[in-house]
Amino acid sequence: MNAPSADGSEMDYKRTILVSLPFMAFMTFWSAYDGIIPLMLKNTFHIGDTVSGVVMALDNILAVLLLPIFGSLSDKTKSRYGRRMPYILLGTLFAVLGMPLIPLGDYLYNFPMFIIGLGVVLLALSSYRSAEVALMPDVTPSPYRSKADALNSLSATAGTMVILACISLLVPAVKHPDYMAVFAVIMVLMTASALILFFTVKEPEAVARMQEESRKLGVVYQEDTVSFGGKETLPADVKRSLLGVLACVFFFFFAYNATSSALSKYANVMWGMEGGSYATLQLVPVIVTLFAYLPMAGLAVRIGRKKTVITGGLLLIIAYGALFFSGKFSPVLYVYMSMIGIGMAAVSINVYPMIMEISTPETTGKYTGYYYTASMTAQIITPVLSGAVMEFIGYRYLFLYAFIFGVITLIPLLFVHHGDVMKMEETAPQPTGQMSGGLQELSLIHISEPTRQEAI
């Protein structure tokens, strides 16, 4: 199943889906991590909430420290299997080897075993996350990256839904349940996804095909950075755009993560929702986001990534403002949560491809690390800060907090003039040996087009 472009070229859906499989398996662990690990810490090891919060922040802390390092290392790696594949295979191997220690340590009340297993898994996942995510832009021509990122997100959501279903079916309702079956499913999914990727996608060949597809689209990747003493130097305007997109990512997660991590408490205190009834509200944006990924990717092709991100940001701001003034539960809350889902999709699937356009083929891993540094740093800080707002100022100000940082999210985009989408009608190929009027520089990408050139 392929998507024809204006010039008859096609997006390789099969390749994109295969490349997304390790990310899908990767996200199954995080879904279990967020739900199961806090229960183990509290019910088995009787860890207090403050220390438990520190343990739960370890993944984000390791991400901030390690993702840029391993992303940059993968950029420089040369092997017959490619740049990213060795990290994906070895990272998956160590994650699968360490993972049984987590449920086994819990079952045996053995905290050292539990924490060693958790540490090994978190380190292993941090070692290949940048490489795995960077593989998508490595093998996907620039015009298709928003759509490819949407498919990546769809795969991740599918993995999340699978593991949540497994948790509900495989974890018994007893005082001290055995979680080994859930982690066994995750290990099988991780192993299978890595092996399927390895045997179906030969990374060097896939990268070469991407370059050929890009040439057919009129997209020529070229190194636009200059190295002095081994240090990469970006032009000032490109660097300003990169910092602007990273700031947008930071404040977007600052707003969104504050509400997603505290919604259960807020719904109980402000809307009187008892037990797990808050989950019906929390599920709405997840489902809406799932269905909004591809339409928002299509919108980015038509109007540009930057305008799509702004549109999504405005939807989030309106929804946060409306929720701030919602004093009691009402069915209209589902409308506001749906708006959050659409806004989330519009922003999340476009900011990463914008960063990839500012990178070069030699630095996609490093720039993937930059993206995760911005997003993970926000997710370390904002739960603490928003929690302080609720505790010392009042619960009702949670969505005002999100509204303020939602507005701040859009401000850095005023300084972003690189990394936008290439419309399909702007990527028609040149006749052999002929180019019209010279090439116009487009950030780090050059596009040849018979009648006009537009900067992105």
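The values are calculated or read from the model by the stated rules, or taken from the named source; none is laboratory data. Given the structure is predicted, the values throughout are model-derived calculations rather than measurements. All Cβ positions, glycine included, derive from the backbone under ideal geometry; neighbour counts span all protein chains shown. Areas reflect the complete protein model, heavy atoms only, side chains present, ligands, DNA and RNA absent. Shrake-Rupley method; radii C 1.70, N 1.55, O 1.52, S 1.80 Å.
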### Message
Taking 22 Å as the cut-off for C-alpha to C-alpha distance, list the pairs among LYS265/LYS306; LYS307/LYS328; LYS202/LYS239; LYS78/LYS366; LYS42/LYS175; LYS239/LYS306 that go past it.
### Response
LYS265/LYS306; LYS307/LYS328; LYS202/LYS239
### Query
Which number comes out as Rg/Rh for the stretch 342-391 once both Rg and the Kirkwood Rh are worked out on C-alpha atoms?
1.13
### Query
Could you list log10 I(q)/I(0) for the stretch 65-223 at q = 0.11 Å⁻¹, which the Debye formula gives when each Cα is one point scatterer?
-0.55
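What are the semi-axes of the equivalent ellipsoid for the stretch 234-391, taken as the square roots of 5 times the Cα gyration tensor eigenvalues, largest first, in whole Å? Present the calculation step by step, with values, prior to reporting the outcome.
On the way: eigenvalues 191, 65, 30 Å².
Over the Cα atoms of the stretch 234-391, the ellipsoid semi-axes are 31, 18, 12 Å.
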### Task
Let me know the Kirkwood hydrodynamic radius for the stretch 30-159, please, with Cα pairs as the basis and the value in Å to one decimal.
16.2 Å
### Task
With 5 Å bins from zero, work out the P(r) of the stretch 62-133 over every alpha carbon pair and list the percent per bin.
3, 20, 22, 19, 14, 10, 7, 3, 1
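Taking only the Cα atoms of the stretch 37-104, how large is their convex hull per residue, in Å³? Numbers along the way, then the final one.
Numbers: hull volume 5.1 nm³, N = 68.
Convex hull of Cα atoms, per residue: 75 Å³.
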### Modelled label reach - GLU205, point 7 Å along Cα→Cβ, the stretch 82-99 residues with backbone N closer than 16 Å
82-83, 85
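So, for the stretch 22-134, what is the accessible surface per residue at a probe of 1.4 Å, expressed in square angstrom? Let's see the in-between values first.
Working: 4710 Å² over 113 residues.
I get 42 Å² per residue for the stretch 22-134.
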#### Entry: Rh by Kirkwood over Cα pairs, then Stokes-Einstein D for the stretch 154-204 at 1.567 mPa s and 4 °C, µm²/s
103 µm²/s
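Let me know the whole percent of all Cα-Cα pairs from the stretch 280-368 that are separated by more than 18 Å. Write down the numbers at each step before the final one.
On the way: 1946 of 3916 pairs.
I get 50 percent for the Cα pairs in the stretch 280-368 exceeding 18 Å.
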### Message
For a quick check of your reading of the filter: which trypsin sites (Lys or Arg not before Pro) in the stretch 65-118 sit in a DSSP loop and have no more than 11 other Cβ atoms within 10 Å?
### Response
LYS78, ARG80
### Message
Please list, short to long, the whole-number percent of alpha-carbon pairs of the stretch 82-121 in consecutive 10 angstrom bins beginning at zero.
### Response
35, 38, 19, 7, 1
## Note on the structure
The whole-number value in µm²/s of the Stokes-Einstein translational diffusion coefficient for the stretch 247-328, with Rh from the Kirkwood sum over alpha carbon pairs at 37 °C and 0.692 mPa s, is 229 µm²/s
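Just the ratio, please: alpha-carbon radius of gyration of the stretch 110-196 over 2.2 N^0.38 Å, N its number of residues. Numbers along the way, then the final one.
Values: Rg = 16.5 Å, N = 87, 2.2 N^0.38 = 12.0 Å.
Taking N as the residue count of the stretch 110-196, the ratio is 1.37.
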